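The values are calculated or read from the model by the stated rules, or taken from the named source; none is laboratory data. Computed from a predicted model, the values in this text were never measured in an experiment. Quick reminder, even Gly has a Cβ in these numbers, built from the backbone with ideal geometry, and neighbours come from all protein chains shown.
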Amino acid sequence: MAKIAPKEMKQEQKRKQSGEVRPIVQSGDPVLRELAQSVSLKDIGTPRIDAVIADMKITLAGQKDGVAIAAPQIGVPLRIFVVSGAMLKAALEHEKLPTDGIGADLVFINPTITKLSRDKMPLDEGCLSVRWLYGKVKRSVKATVRAYNERGEIIERGASGLLAQIFQHETDHLEGTLFIDKATQLEEIPPEKKD
């Protein structure tokens, strides 16, 4: 087994604590079409999984239009997704909905959607891995997800509106499905050019 020099070990530990921005994998990369692997319960809280989560959080924070990210989007085929607490709070405030307890990023490990409402509606959707395409996807207006958080605790969260849409979009990623597989009225909308 190779040994890591003390200096390199300290650098690796620092990186695992702070995270690093990773490139967001784009449509066409096979990792986006794989069935993501479950995270072993004994691995939750280990430096390896903590580093993946930290990288996901910092990569997501660097995207001004990103509300969530799944591990396959940074090239890691694990069943993890992160929802940006800041973006979610801003979106809820814009919709004049309560934001109690929202602020920190939400981490979902091995998520399973346990309930979807029968009521569905076409919603505008895009994806960090399918840059600058947008379309309408018919999604349930309410969803409940059961998962583990980064401390290995079981969580169950019901949601409506944007968060319900995020739950469905991100779990699709973990199944190897992209929103473009379900979308209608696809349209390319490039970012505004800066002068």
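State whether the residues of region 11-32 include one that is in a helix (DSSP H, G or I), at pLDDT 95 or above, surrounded by 13 or more Cβ atoms within 10 Å (Cβ to Cβ) and hydrophobic (A, V, I, L, M, F, W, C).
The answer is yes; a qualifying residue exists.
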Next item on the list: Would you point out the residue of region 136-167, among those that are surrounded by 22 or more Cβ atoms within 10 Å (Cβ to Cβ) and not aliphatic (A, V, I, L, M), that is farthest from R48 (Cα to Cα)?
Entry: R139
Notebook entry, point to check: Is one or more of the residues making up region 144-163 more than 18 Å from the chain's Cα centre (by Cα) and touching a residue at least 60 places away in the same chain (Cβ under 8 Å)?
Noted result: no
Next item on the list: Please enumerate the residues belonging to region 109-150 that are closer than 18 Å to A183 by Cβ, not in a strand (DSSP E or B) and not small (G, A, S).
Entry: C127, L128, V130, R131, W132, V141
Next item on the list: Of the conditions (1) closer than 22 Å to L178 by Cβ; (2) at pLDDT below 95; (3) out of contact with any Leu (no Cβ under 9 Å at 6 or more places or on another chain), L88 clears all except one; give me its number.
Entry: (3)
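For region 40-66, which residues satisfy the criterion of being part of a loop (DSSP other than H, G, I, E, B) and among the aliphatic types (A, V, I, L, M)?
Residues of region 40-66 part of a loop (DSSP other than H, G, I, E, B): 40, 44-46, 62-66.
I44, the sole residue that qualifies.
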Note to self: Just checking, does region 100-108 include any residue being in contact (Cβ under 8 Å) with a residue 60 or more places away in the chain, under 27 Å from Q37 (Cα atoms) and either in a strand (DSSP E or B) or within 15 Å of the chain's Cα centre (by Cα) (or both)?
What the structure shows: yes
Check: What are the residues in region 165-195 that are farther than 30 Å from P47 by Cα and part of a helix (DSSP H, G or I), if any?
Finding: Q165, F179, I180, D181
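Quick one: which of D100, D119, D172 is over 30 Å from R48 (Cβ atoms), at pLDDT 95 or above and among the charged types (D, E, K, R)? Working first, answer last.
Numbers: D100 fails: at pLDDT 95 or above; D172 fails: over 30 Å from R48 (Cβ atoms).
None of the other options fit; the residue is D119.
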